[in-house]
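One structure below.
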Amino acid sequence: MANIKTDLDRWVDAGLLDAETASTIEQFERGHSSSRIGRSVEAVAYLGSVLVLIALALLTLEFWDRLEPWGQVTLSGVVALVLFGVGVLLGRSDEGAINRGQTFAWFLSVAAVGLTAFVATRAWITTDERLVFLWASLATLAAAFGLWVARSSVLQMIALGLSAAVATVSMISQIDDPPEWMFGLAIAGLGAVWLVLTWAGVFKPARTSYVLGAIGLLLIAFPEGDQMPWPLLGLVAGLLLMAGSVWLRETVLLGLGVAGLFLYIPMTIFELFGESLGVPVALLITGLVLLVVVVATVRLRPQR
């Protein structure tokens, strides 16, 4: 930039450029240079993070069982701290590339925290696998929540949603022989809460949060799958998402609601009528319902 500024000043003095044009060129070159630096930082951050993961995977496959518990905790903890520190040192910036590098490093650090908590709990607190799973998932959730508070980015929201789902499953797993339907119902309840908190403006970014909540709600029928009344409840969840998309004007909810109908309508038909109607009839009914939904959505869309 120093050479460019010197050249611009010399051209202004020579009368080849006016001062305003020179200032415009200088601002353009400054922004262009900053953008190149930002993209370079982003690329190096991705490369460094991937190399750390590859190294950790190789160590896990080849040497993990040979390490003492304190060595496993130290290794995973150092990885977590390094990834977190990279995000902190990158900090906030006007450059989107630098921000993406920060959020990517923090996203990976959440997984590293979970691994650290897992090996530390198993080594020094309890050998009960269910309790180890619980404490590790809660530690991961706490880390994800803290990083989301610090930076409410897309990746931090995804990390928070995934860790919340894992923590929910781990809490259900503490029950002796829990029924399978309890897992789907718990995840659907979490999804419903997620949608409400997003609508209330608590969870951001909103679109990513809506996607996570909607997916959780649609998982109500799993792992029970095709056993009634779960497909019917999944169908209701899809319809609720579509209704919510019209009310909130969120197309992402519409798309996921349609996907839910496409999944649960055939399951519901086969469960209610068996194979008497056959696959073609089930698909015909599904297609007709989806076409009606499309027409209704278009007709109900607010007019500009």
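Identify, from the list Val202, Val169, the residue that is at pLDDT 90 or above, assigned to a loop (DSSP other than H, G, I, E, B) and surrounded by fewer than 22 Cβ atoms within 10 Å (Cβ to Cβ). Break it down into steps so the answer makes sense when it comes.
Working: Val169 fails: assigned to a loop (DSSP other than H, G, I, E, B).
Exactly one of Val202, Val169 is at pLDDT 90 or above, assigned to a loop (DSSP other than H, G, I, E, B) and surrounded by fewer than 22 Cβ atoms within 10 Å (Cβ to Cβ), namely Val202.
Which of the residues that make up the range 152-184 are over 10 Å from the mean Cα position of the chain (by Cα) and closer than 19 Å to Tyr210 by Cβ?
Within the range 152-184, Ser152, Ala164, Ala165, Thr168 qualify.
Can you go through Ala206, Ala186 and tell me which one is under 22 Å from Gly101 (Cα atoms), in the same structural domain as Leu232 (by TED's automatic domain parsing) and in contact with a helix residue (DSSP H, G or I) (Cβ under 7 Å, 6 or more places away or on another chain)?
On the way: Ala186 fails: under 22 Å from Gly101 (Cα atoms).
None of the others qualify; the one that does is Ala206.
Among the residues of the range 83-108, which ones are modelled with pLDDT of 85 or more and either closer than 18 Å to Ala120 by Cβ or not assigned by TED's automatic domain parsing to the domain that holds Leu141 (or both)?
Phe84 - this is the single residue of the range 83-108 that is modelled with pLDDT of 85 or more and either closer than 18 Å to Ala120 by Cβ or not assigned by TED's automatic domain parsing to the domain that holds Leu141 (or both).
Within the range 205-234, take every residue that is among the aromatic types (Phe, Trp, Tyr) and either outside any helix (DSSP H, G or I) or over 13 Å from the mean Cα position of the chain (by Cα) (or both) and give me the one that is farthest from Val149 (Cα to Cα).
This residue is Trp230.
Take Gly255 and tell me if it is in the same structural domain as Val211 (by TED's automatic domain parsing), surrounded by fewer than 20 Cβ atoms within 10 Å (Cβ to Cβ) and within 22 Å of the chain's Cα centre (by Cα).
yes
Identify, by number, the condition in (1) in the same structural domain as Gly260 (by TED's automatic domain parsing); (2) within 17 Å of the chain's Cα centre (by Cα) that Ala143 doesn't meet.
(1)
Answer yes if at least one residue in the range 109-123 is surrounded by fewer than 20 Cβ atoms within 10 Å (Cβ to Cβ) and either of a type in the set (Val, Ile, Thr) or farther than 24 Å from Leu218 by Cβ (or both), and no otherwise. Explain how you work it out, then say what you get.
Keep residues of the range 109-123 that are surrounded by fewer than 20 Cβ atoms within 10 Å (Cβ to Cβ), which gives 123.
Of the ones still in play, those that are also either of a type in the set (Val, Ile, Thr) or farther than 24 Å from Leu218 by Cβ (or both) are 123.
Yes, the range 109-123 contains a residue that is surrounded by fewer than 20 Cβ atoms within 10 Å (Cβ to Cβ) and either of a type in the set (Val, Ile, Thr) or farther than 24 Å from Leu218 by Cβ (or both).
What's the total number of residues in the range 209-232 that are over 15 Å from Glu180 (Cα atoms) and surrounded by fewer than 21 Cβ atoms within 10 Å (Cβ to Cβ)? Quick ask: steps written out before the conclusion?
At the first step, the residues of the range 209-232 found to be over 15 Å from Glu180 (Cα atoms) are 209-218, 232.
When the remaining residues are screened for being surrounded by fewer than 21 Cβ atoms within 10 Å (Cβ to Cβ), the result is 215, 232.
Result for the range 209-232: 2.
The values are calculated or read from the model by the stated rules, or taken from the named source; none is laboratory data. Quick caveat, the model's predicted, so the values are computed rather than measured. Glycine also receives a Cβ, built like all others from the backbone with ideal geometry; neighbour counts cover every protein chain displayed.
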